[in-house]
Amino acid sequence: MITVKDLHKKFGPLHILKGIDLEIKQGEVVVVIGPSGSGKSTFLRCINLLEEPSLGEIQFEGESITAKGHNINKTREKMGMVFQQFNLFPHKSVIDNITLAPIQVRKMDKSKAEELAMELLHTVGLEDKRDAYPSQLSGGQKQRIAIARALAMEPHVMLFDEPTSALDPEMVGEVLDVMKNLAERGMTMVIVTHEMGFAREVGDRILFMDQGVILEQGTPQQLFGSPTHQRTKDFLSKVL
Amino acid sequence: MDFFTIFWDYRSYFLTGIQYTLLIAAIGVLCGFILGLAVALIRMSKWAVVRFIGHAWVEFLRGTPMLVQLFIIHYGLSSFGINFTPIQSGAITLSINSSAYLAEIFRAGIQGVDRGQGEAARSLGMTRGMSMRHIIIPQAIKSVLPAIGNEFITIIKESSIVSFIGVTELMFQSGAVVGITYDGMTPYLVVAVMYFILTFTFSRILGVFERKLKASDYR
């Protein structure tokens, strides 16, 4: 579904990504772990071109999205993204946050978009927050709304950029539950996270990134049970 | 002569004056707002040439006296066969002059919106234009509303310079009343109060508007 070939990203003299090759299959849940500064988030943001790759190719559903003249907006409609800082639109109510893109981008009827939004609010358990503004929500609620907003575009893949890192500890669970539920329903997901328990439980495949490359990858059993690289072992011993 | 006598005896002068002041200031505010927003977007274009035009526009209009701009538009252009009525010249000058200041205010506001907002919008498949229109600009305007209000009040006051080309707005009319009454103080005091009432009312209205926009901030 997503093919990444020799992806490089440089910020000025900084070489953040040093050649990433990856194939993500439909329905797969890929969890990216690694020390901070290893390029996990940059890699994720390259997948929907929020960061322009310096070199290399990304294909999505058989189409090269890094090719010149490719309309990235069309691709982004099918790639939902959830941010560490939620990035809800503070001047819009919850329902407007969710329906804005379906109405504007997918040209959906307002009533149909609201119907869809209510279904999604039900999924994330926040139907009663329909008319609330983001400033009235807790962090966990914000992130669940952000997930609902991304899902309203009915994406084929969901990208999660440290979705629980900005949350108070007691709110992490509610967000992870929503994500787990999503994974169980067969959504293709790429998740950058520090939640190792969640990674082990939900991930089909774990990628360990360090210094701009995927150092090691495998099933959770392989990667957490018997890591082969010393740096993977060091990292895991610190976080587990 | 006392304040109220002057005001009452020459009320038709002041009334005409306030009408023209309101007319010219309203056009200046409205056109300045739209033009200013456009110039702000031009200044943030991805093409350097377009950016340069926006930059030059702002620097020229900020860096030269409005009176000079007014004379260029009213007298200067007429020697090239482009003739405006005094009211037209006044409205055009106020609009383009305030557009330069408002453009800078808008630009600061737009650049002050958190980067994540645009990224969230784009990640949902919105185009640059949609993201600007629905996400960035509404938040930008809200955050710079006090500065915009300041500029609007400046426009109301600066509209007095169009008296130089014979528009019968407040300033011009007060001069006329001074000429008739030989009272060199009171008519000016009357228009000072009238200007103050205009600007004060306006800033109250903006205050209400600001509170309305803040509705989404309440916890």
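The values are calculated or read from the model by the stated rules, or taken from the named source; none is laboratory data. Note that the coordinates shown come from a computational prediction; the quantities given were computed from them, not determined experimentally. With ideal geometry, Cβ positions are generated from the backbone for all residues, glycine too; neighbour counts draw on all protein chains shown. Just so you know, the surface numbers come from the protein's heavy atoms only, side chains and all, with ligands and any DNA or RNA stripped out. Shrake-Rupley method; radii C 1.70, N 1.55, O 1.52, S 1.80 Å.
Out of the residues in region B:123-147 that are assigned to a loop (DSSP other than H, G, I, E, B) and at negative phi, state the one that is nearest to the other protein chains (Cβ to nearest Cβ).
For region B:123-147, the residue satisfying everything is B:124.
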Based on this model, can you work out whether residue B:87 counts as crowded, with 19+ Cβ neighbours inside 10 Å, more than 14 Å from chain A (Cβ to nearest Cβ) and β-branched (Val, Ile, Thr)?
no
Checking B:6, B:53 in turn, the sole residue that is touching a helix residue (DSSP H, G or I) at 6+ places or on another chain (Cβ under 8 Å), among the β-branched types (Val, Ile, Thr) and open to solvent by 80 Å² or more (accessible area, probe 1.4 Å) turns out to be B:53
Just checking, does region A:170-190 include any residue being within 14 Å of chain B (Cβ to nearest Cβ) and farther than 29 Å from residue A:6 by Cβ?
no
Given (1) away from every other protein chain (no Cβ under 11 Å); (2) within 24 Å of residue A:161 (Cβ to Cβ); (3) open to solvent by less than 40 Å² (accessible area, probe 1.4 Å), identify the lone condition not met by residue A:108.
(2)
Return the residues of region B:42-89 that are of a type in the set (S, T, N, Q) and assigned to a helix (DSSP H, G or I); say none if nothing qualifies.
B:69, B:78, B:79, B:88, B:89
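So that you can scan it fast, the table gives a plain yes or no per residue for (1) buried (at least 21 other Cβ atoms within 10 Å of the Cβ); (2) under 17 Å from residue A:86 (Cβ atoms); (3) touching a residue at least 12 places away in the same chain (Cβ under 8 Å); (4) within 19 Å of the chain's Cα centre (by Cα):
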position	(1), (2), (3), (4)
A:159	yes, yes, yes, yes
A:163	yes, yes, yes, yes
A:179	yes, yes, yes, yes
A:190	yes, no, yes, yes
A:212	yes, no, yes, yes
A:227	no, no, yes, no
Could you pull out the residue among A:9, A:68, A:18, A:74 that is in contact with a strand residue (DSSP E or B) (Cβ under 6 Å, 6 or more places away or on another chain), open to solvent by 10 Å² or more (accessible area, probe 1.4 Å), farther than 28 Å from residue A:222 by Cα and not polar (S, T, N, Q)?
A:9
May I ask you to list pairs of residues, at least six apart or on different chains, whose Cβ atoms are under 9 Å apart, with the first in region A:31-52 being within 13 Å of chain B (Cβ to nearest Cβ) and the second being acidic (Asp, Glu) and outside any loop (DSSP other than H, G, I, E, B)?
A:41/A:161; A:44/A:161; A:45/A:161; A:45/B:119; A:50/B:119
Residues that are farther than 18 Å from residue B:165 by Cα and open to solvent by 80 Å² or more (accessible area, probe 1.4 Å), drawn from region B:56-76:
B:57, B:59, B:60, B:62
Taking region A:87-104 and keeping residues among the hydrophobic types (A, V, I, L, M, F, W, C) and either within 8 Å of chain B (Cβ to nearest Cβ) or surrounded by fewer than 24 Cβ atoms within 10 Å (Cβ to Cβ) (or both) leaves A:88, A:89, A:95, A:100, A:101, A:103
Within region B:169-219, residues polar (S, T, N, Q), in contact (Cβ under 8 Å) with a residue 40 or more places away in the chain and closer than 30 Å to residue B:146 by Cα come out as B:199, B:203
Residue that is most open to solvent (accessible area, probe 1.4 Å) [pool: residues in region B:37-50 that are within 24 Å of residue B:82 (Cβ to Cβ) and touching a Lys or Arg at 6+ places or on another chain (Cβ under 9 Å)]
B:42
